[in-house]
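Participant: Once you've had a glance at the structure underneath, I'll fire off some questions.
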Amino acid sequence: MTVQNPAPPARDAEAPGPVRRPRSPRTAWAGLVAVAVLVIGGGLLHDVIAVRTGHPARPWRAELAHQLAVRHLDDTPVRIGAGIAVLLGLWFCRLALAPGLRRRLSLRRPGAVIDRAGVAALIADRTRDLAEVDEVAVRVRRTRTRVTVSGAADPVLIQRHLRAELARIPLAGPHQLDVRVRRLPGQAGEQAKGPAG
Amino acid sequence: MSRAAVNRAMVAVVGLFLLVGGVLVLAGGFDLYGRLGLRHPGWWPLTSPDQPLVSVASRTRWTDRDWWWPTVIGVLVLLLAGALWWTFAQLRRSGPAVLQLPAPDNGGVALRLRSRALEQAVEAETGDLPDVLGARVRLVGDQRRPLLRVVVRLRSSGRPDDLLERFHTGPLAHARTSLGLPDLPVDLRLRVATSGRKAEPEPPRVL
């Protein structure tokens, strides 16, 4: 069931074109990579200058040069190291390209977002207000929300109610709602998935 | 270029460096060129499984040339300077400390507003909206293109659509009017307090 977000109200002066997803500035990862470059480059520079000014090379650099010279490409440590480098490289490329901020969902106002945990809290709050609902678990993903309710409540009514509540959160993208009702022991078991709407 | 663009570009460069290096070593280590019958130009590195990663010969190839050590040290210094700048760019608090406002035309009056004053005003007014537990406002961007970054904590019984409407017609509209910046853009992040339940629940609504 997809909640059709109605057209934005005309009073919204900021013409809402296609809403752009916010992109993470990647501050933490950039800082981490920068510090890594700083440490490796700094150590190397320090040692190179030490050697050029007549001091012996540090054991770590001599050992590293020795290992690089004796290890062949088919040595297991070399293969493992290269595999790690490939995985890390793929991960960094993904960090550079993917928008990030997956925990936030765009709202229809330009620049406005809501945390997915916030959507979950709102829906859980509305569900607890309903009659004959004992427990509720809400899981919000990027395009769908699943509400699992235990209690004797009528799944169709819950679904109708929550659909209206979800529509009041002005999410920019289409969002699906699944409601499941789990009967308590002693009641007739029913796993209801509401009708598609 | 914005800091985000620089960050992403640098992370991509480091990632590609690791990826290409790792793939070359793996291709050589598993002898993919021989097994798949791939041809490679003569200068292609790391082609044979029996080859060391960096042989003594290739490490010391240029060490007796005059230009080698100054070049190595120069490149390392540049790399370090860049990394240092990049690290501190992450720590810098972005945003202007003072906003230059368009002054009315009565001759030589410069209007300046401390950003913190604006932030506190919007924070206070947003915090007074119904169902709002708290708000944090930062002015980011630069003098010419300031951007308000707002984080609002909403009570879980509150309504996000109402809040957005009230924020835009209230605090934001007031800020835009008083600054004379009708287009002041805003990034608003809505969080919802999970413990917003009242101690005594209301009687359940009947559907």
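Participant: Yes or no: the range A:144-165 includes at least one residue that is in a loop (DSSP other than H, G, I, E, B), open to solvent by 40 Å² or more (accessible area, probe 1.4 Å) and either at pLDDT 90 or above or within 22 Å of B:Arg155 (Cβ to Cβ) (or both).
Facilitator: The answer is no, given that none of the residues of the range A:144-165 is in a loop (DSSP other than H, G, I, E, B), open to solvent by 40 Å² or more (accessible area, probe 1.4 Å) and either at pLDDT 90 or above or within 22 Å of B:Arg155 (Cβ to Cβ) (or both).
Participant: Can you name the number of the only condition in (1) within 14 Å of chain A (Cβ to nearest Cβ); (2) touching a residue at least 24 places away in the same chain (Cβ under 8 Å) that B:Leu101 fails?
Facilitator: Checking B:Leu101 against (1) within 14 Å of chain A (Cβ to nearest Cβ); (2) touching a residue at least 24 places away in the same chain (Cβ under 8 Å), the one that fails is (1).
Participant: On to the next question. Listed residues B:Val122, B:Val152; which is free of Cβ contacts under 8 Å to residues at least 60 places away in the same chain, within 12 Å of another protein chain (Cβ to nearest Cβ) and under 15 Å from B:Val186 (Cβ atoms)?
Facilitator: Result: B:Val152 is the single residue among B:Val122, B:Val152 that is free of Cβ contacts under 8 Å to residues at least 60 places away in the same chain, within 12 Å of another protein chain (Cβ to nearest Cβ) and under 15 Å from B:Val186 (Cβ atoms).
Participant: If you scan the range B:52-105, which residues turn out to be outside any helix (DSSP H, G or I), among the aromatic types (Phe, Trp, Tyr) and surrounded by 13 or more Cβ atoms within 10 Å (Cβ to Cβ)?
Facilitator: Within the range B:52-105, B:Trp62 is the sole residue that qualifies.
Participant: Just to check your reading of the model, which residue among A:Arg108, A:Arg58 is more than 8 Å from chain B (Cβ to nearest Cβ) and either of a type outside the set (D, E, K, R) or within 30 Å of A:Arg21 (Cβ to Cβ) (or both)?
Facilitator: A:Arg108
Participant: Could you say which residue among B:Val14, B:Val23 is assigned to a helix (DSSP H, G or I), open to solvent by 40 Å² or more (accessible area, probe 1.4 Å) and of a type in the set (A, V, I, L, M, F, W, C)?
Facilitator: Residue meeting the stated conditions: B:Val23.
Participant: Let me ask something else. Just one of the numbered conditions (1) modelled with pLDDT of 90 or more; (2) out of contact with any strand residue (DSSP E or B) (no Cβ under 9 Å at 6 or more places or on another chain) is not true of A:Asp115; which one?
Facilitator: Looking at each condition in turn, A:Asp115 falls short on (2).
Participant: I need every pair where a residue in the range B:1-27 that is facing another protein chain (nearest Cβ under 7 Å) has its Cβ under 9 Å from the Cβ of a residue that is among the charged types (D, E, K, R) and open to solvent by less than 40 Å² (accessible area, probe 1.4 Å), sequence separation at least 6 or different chains.
Facilitator: Short answer, once both residue conditions are applied: B:Ala4/A:Arg26; B:Asn7/A:Arg26; B:Arg8/A:Arg26; B:Val11/A:Arg26.
Participant: Give the residue that is nearest to B:Glu119 (Cα to Cα), with candidates limited to residues of the range B:139-190 that are out of contact with any Pro (no Cβ under 8 Å at 6 or more places or on another chain), open to solvent by 30 Å² or more (accessible area, probe 1.4 Å) and part of a strand (DSSP E or B).
Facilitator: B:Arg149
Participant: List the residue pairs whose Cβ atoms are under 7 Å apart, where the first residue sits in the range B:177-189 and is away from every other protein chain (no Cβ under 13 Å), the second is open to solvent by 60 Å² or more (accessible area, probe 1.4 Å), and the two are 6 or more positions apart or on different chains.
Facilitator: Partner pairs satisfying both residue conditions: B:Gly180/B:Pro102.
Participant: Counting only residues that are farther than 17 Å from B:Gly28 by Cβ and open to solvent by 50 Å² or more (accessible area, probe 1.4 Å), how many does the range A:58-84 have?
Facilitator: So the count comes out to 8.
The values are calculated or read from the model by the stated rules, or taken from the named source; none is laboratory data. On a predicted model such as this, the values are computed, not experimentally measured, just so you know. Glycine gets a Cβ as well: all are built from the backbone with ideal geometry, and neighbour counts include every protein chain shown. What goes into the accessible areas is simple: the full protein's heavy atoms, side chains included, and nothing from ligands, DNA or RNA. Shrake-Rupley method; radii C 1.70, N 1.55, O 1.52, S 1.80 Å.
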